[in-house]
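*Asks:* A single structure is presented below for examination.
The values are calculated or read from the model by the stated rules, or taken from the named source; none is laboratory data. If you're wondering where the values come from, they're calculated on a predicted model, not measured in any experiment. Cβ sites come from the backbone with ideal geometry, for glycine too, and all protein chains shown count toward neighbours.
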4 protein chains.
Amino acid sequence: MAGEAAPMPAPISSSAIRMDADALNAFLTDAFPHAERGSRGYVVSAAPGHVQARMEPNDKALRPGGLISGPTQMGFVDMAAYALVLAHIGPVAMAVTSALNYQFLRPCRPGPITADATMLRLGKRLAVMDVRIWSDDPGKPVGQANVTYAIP
Amino acid sequence: MAGEAAPMPAPISSSAIRMDADALNAFLTDAFPHAERGSRGYVVSAAPGHVQARMEPNDKALRPGGLISGPTQMGFVDMAAYALVLAHIGPVAMAVTSALNYQFLRPCRPGPITADATMLRLGKRLAVMDVRIWSDDPGKPVGQANVTYAIP
Amino acid sequence: MAGEAAPMPAPISSSAIRMDADALNAFLTDAFPHAERGSRGYVVSAAPGHVQARMEPNDKALRPGGLISGPTQMGFVDMAAYALVLAHIGPVAMAVTSALNYQFLRPCRPGPITADATMLRLGKRLAVMDVRIWSDDPGKPVGQANVTYAIP
Amino acid sequence: MAGEAAPMPAPISSSAIRMDADALNAFLTDAFPHAERGSRGYVVSAAPGHVQARMEPNDKALRPGGLISGPTQMGFVDMAAYALVLAHIGPVAMAVTSALNYQFLRPCRPGPITADATMLRLGKRLAVMDVRIWSDDPGKPVGQANVTYAIP
C-alpha cells in the first residue's frame, strides 16, 4: 500500500448556496468599512460546503523574521469561515465566532496566501468548519484551523 | 458554481511508511496489554500520510442516551493518531500526545466506527494530524480532531 | 516585581448549586453502570463555579513508559466538566460535550490525580469550562483543558 | 460549601523575569514598526508566571454590531502570550506561536480591554499559556485562550 495517495474524507453535501463570491465580497466590504483589502482578503469562489479565499498581505502583516504574522493568518481564517457560513445562511451579519483553534504548521513566507474553508457540520445553532491556509502548495498547509460559528 | 462538489486539499506526500497495519496492531497489543480490543480499536490500513482504524465499541463505551461516549471517541482518535505517527517513524513507544482538540459534530450511535487520520505536518519534534471519526458516512463525521504528538 | 506571585483572575460568581458531591456521584454511578470507579473517578466537592474530582487510576489506565494514558486523563477531564455542568443545571443526563481541547503539560506519573473544573461561562445553550489535572502540585498541572458542553 | 468562592489553582512559580514591562514595550515597538498601538496593545506589568496587557481598540477593530472583532481579540491574546514568553526567556524575536485555541465567551463591547496571561508550563522547547481577555470584570472574561509558543 506504500506510495499510494492517502484518501480524503468525502466533502460535505449541502444544499445550494445563498451567496456567491461577488455577493460575499460586497457584504464584507460593507461590514468592515475600515479594513484594507490587504489586511482582510477576499472570496475567490463559493460552492456548497466550500469557500476559497485569497489575501495579498501588506507590510503591516509581517512579524520579526519577515514572516506573515499569526494574527494575520488567524484573521484570514476567521474571514474565510465567516464567508462560508454566510454563503449557506445568507447575509446574517450577526453570526459570530464562538471558537477558533489554530495550529501553525509551517513558516508563512511573504506573498499571496489562500484559504480553503470546508463545512464539517451546519446545524441550526452552530456551524463547524475546517480551514487550511497555504501559500504555494495546498498539500503543505502553513496552518489548519477548526472554527465554530454561532448562528443567531 | 452551485451544486459542484467542494474540492479537498491534496493529501500530504510523504516517504514510504515504516510499519504496516499488521506491525502496528502487533505493537499496540504489546503496548497496551490490559486493553480490550473493543475499548481501543485496530488499524485497518496504513499508507504514507494516512492511517485508517476501526473499532467495535462494547457496552462500557456507552453514555446516557445509548450513544458512544466522548472519552471512547477521544481514545480512538488518540490511538489512530499514535498509529499514524508510528507508521512514519517506526516503533518508538515514547512518542506522546502533546495536544488533542476534539470537536463533537453529530451524535455517535452504537455500532462500528472508523477513524481517518491524515498527516498535516511531520517535523523532527512534532507531528500534527487531522483525525475524523465517522459511523456510516465519511461525509458526515461524528467528530473531528487536531492532534499533536511530540517525537522523542 | 520579580518574585511576586502572579495574580489569578477572580473566580466566576454563580448562583447556588443544584447538586452536591454526593448527588453527583450517585448520578454518575447510575449513568455509567459499566464503568469501574478506577476508570472514571468521583466528585470530591462541588461549589458555585467549581468542582473538584479525584481518580485512582488502575492498571488499564497506563501507557508505555508506565504513565497514565492520554485517554484516561481526557476521560477524567470530561467527567469533571460533566459534573460541573450538572452541579449547576441539575440532573440533565443529555447534556453533551461539544468540544474538548486538551493540552498535555507534564508526564502524568501513576498514582491518584485531581481535577479542578471551573466555569468560564454558563449560558442557556452552552457551558464553557477550564479543567486542570494535577498529581501532587496544583501549581504544576499535568494537563489543562477547555471544555464546552451543549445544554439541551 | 455552596456560596463559597471557587478555589483557583496556585500560580506557577518561576524564576525571576528577564524583561520588565518597559523592556517588553520597547521590544514590541521595534519588532512591529508598522503596527499602531490601538491595533496591538501594550504591556502593563510583568512578573514571574504572569503578564498583564491592555489595549484601547480603534475603529478598525470593530465588526458588525459594533463589537470588538474576533481577530482583534486573537491578535491581542497572541501579543500577551508573546510578551509572557519574552519576559521569561529574554528578547528572542524568533519565538513563534505553534497553536492558539480561543474560546469566545461573551460579546466584547467597545472600550479598553485587558489580557491576563499566565504560564502553565515553560519547557525548553515549548511554552504553554492561559490567556484571558476581559473588559470590566475579570470574573466575566470575554474570551479564554490556550497558547503554545515554540522556543528556538
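*Asks:* Only one residue in D:Leu105, D:Leu122 is within 22 Å of A:Ala95 (Cβ to Cβ), surrounded by fewer than 24 Cβ atoms within 10 Å (Cβ to Cβ) and of a type outside the set (Phe, Trp, Tyr), so which one is that? Before the answer, list the steps.
*Replies:* Numbers: D:Leu122 fails: within 22 Å of A:Ala95 (Cβ to Cβ).
Sole residue among the options that is within 22 Å of A:Ala95 (Cβ to Cβ), surrounded by fewer than 24 Cβ atoms within 10 Å (Cβ to Cβ) and of a type outside the set (Phe, Trp, Tyr): D:Leu105.
*Asks:* Another question, then. When you go through D:Val96, D:Val85 one by one, which is the residue that is of a type in the set (Val, Ile, Thr), under 30 Å from B:Tyr102 (Cβ atoms), in contact with a Pro (Cβ under 9 Å, 6 or more places away or on another chain) and touching a residue at least 12 places away in the same chain (Cβ under 8 Å)? Reasoning before the result, please.
*Replies:* On the way: D:Val85 fails: in contact with a Pro (Cβ under 9 Å, 6 or more places away or on another chain).
None of the others qualify; the one that does is D:Val96.
*Asks:* Those residues that are surrounded by fewer than 23 Cβ atoms within 10 Å (Cβ to Cβ) and of a type in the set (Gly, Ala, Ser), I need them from the range D:108-119; list them, please.
*Replies:* If the condition is that a residue be surrounded by fewer than 23 Cβ atoms within 10 Å (Cβ to Cβ) and of a type in the set (Gly, Ala, Ser), then D:Gly111 is the only one that fits.
*Asks:* Right, here's the next one. If you take the residues of the range B:67-102 that are closer than 20 Å to C:Phe76 by Cβ and of a type in the set (Gly, Ala, Ser), which of them is surrounded by the fewest Cβ atoms within 10 Å (Cβ to Cβ)? Walk me through how you get there before you give the answer.
*Replies:* As a first pass, look at the range B:67-102 and keep what is closer than 20 Å to C:Phe76 by Cβ: B:67-79, B:81-82, B:96-102.
Now restrict to residues that are of a type in the set (Gly, Ala, Ser): B:69-70, B:75, B:81, B:98-99.
Details: B:Ser69: 22, B:Gly70: 27, B:Gly75: 24, B:Ala81: 29, B:Ser98: 24, B:Ala99: 28.
Among residues in the range B:67-102 that are closer than 20 Å to C:Phe76 by Cβ and of a type in the set (Gly, Ala, Ser), the one surrounded by the fewest Cβ atoms within 10 Å (Cβ to Cβ) is B:Ser69.
*Asks:* Applying the selection to the range A:94-152, what residues are farther than 16 Å from A:His50 by Cα and in contact with a helix residue (DSSP H, G or I) (Cβ under 9 Å, 6 or more places away or on another chain)? Let's see the steps before the verdict.
*Replies:* Of the residues in the range A:94-152, the ones farther than 16 Å from A:His50 by Cα are A:94-113, A:124-126, A:135-137, A:139-143, A:150-152.
The answer is A:Ala95, A:Val96, A:Thr97, A:Leu100, A:Tyr102, A:Phe104, A:Cys108, A:Pro110, A:Ile113, A:Val142, A:Gly143, A:Ile151.
*Asks:* Hey, among the residues in the range A:31-66 that are modelled with pLDDT of 90 or more and surrounded by fewer than 20 Cβ atoms within 10 Å (Cβ to Cβ), which one's nearest to A:Arg132 (Cα to Cα)?
*Replies:* The residue in question is A:Arg54.
*Asks:* Now for a different question. Find the residue count for the range D:139-150, including only residues that are at the interface with chain C (Cβ under 9 Å from one of its Cβ atoms), closer than 16 Å to A:Leu100 by Cβ and not in a strand (DSSP E or B).
*Replies:* Of the residues in that region, 1 qualify.
*Asks:* For the range D:11-30, name all the residues that are modelled with pLDDT of 70 or more, surrounded by fewer than 20 Cβ atoms within 10 Å (Cβ to Cβ) and not in a helix (DSSP H, G or I).
*Replies:* Of everything in the range D:11-30, those that are modelled with pLDDT of 70 or more, surrounded by fewer than 20 Cβ atoms within 10 Å (Cβ to Cβ) and not in a helix (DSSP H, G or I) turn out to be D:Ala16, D:Arg18, D:Asp20.
*Asks:* Determine which member of the set B:Arg106, B:Arg63, B:Arg132 is of a type outside the set (A, V, I, L, M) and within 13 Å of the chain's Cα centre (by Cα). Full working, then the answer.
*Replies:* Working: B:Arg106 fails: within 13 Å of the chain's Cα centre (by Cα); B:Arg63 fails: within 13 Å of the chain's Cα centre (by Cα).
Every option except B:Arg132 fails the conditions.
*Asks:* Here's another thing I want to ask about it. When both residues are 6+ apart or on different chains and their Cβ atoms are under 6 Å apart, which pairs have a first residue that lies in the range A:108-121 and is under 15 Å from A:Ala47 (Cβ atoms), and a second that is assigned to a loop (DSSP other than H, G, I, E, B) and of a type in the set (Val, Ile, Thr)?
*Replies:* Note: pairs meeting the criteria are A:Met119/A:Ile12.
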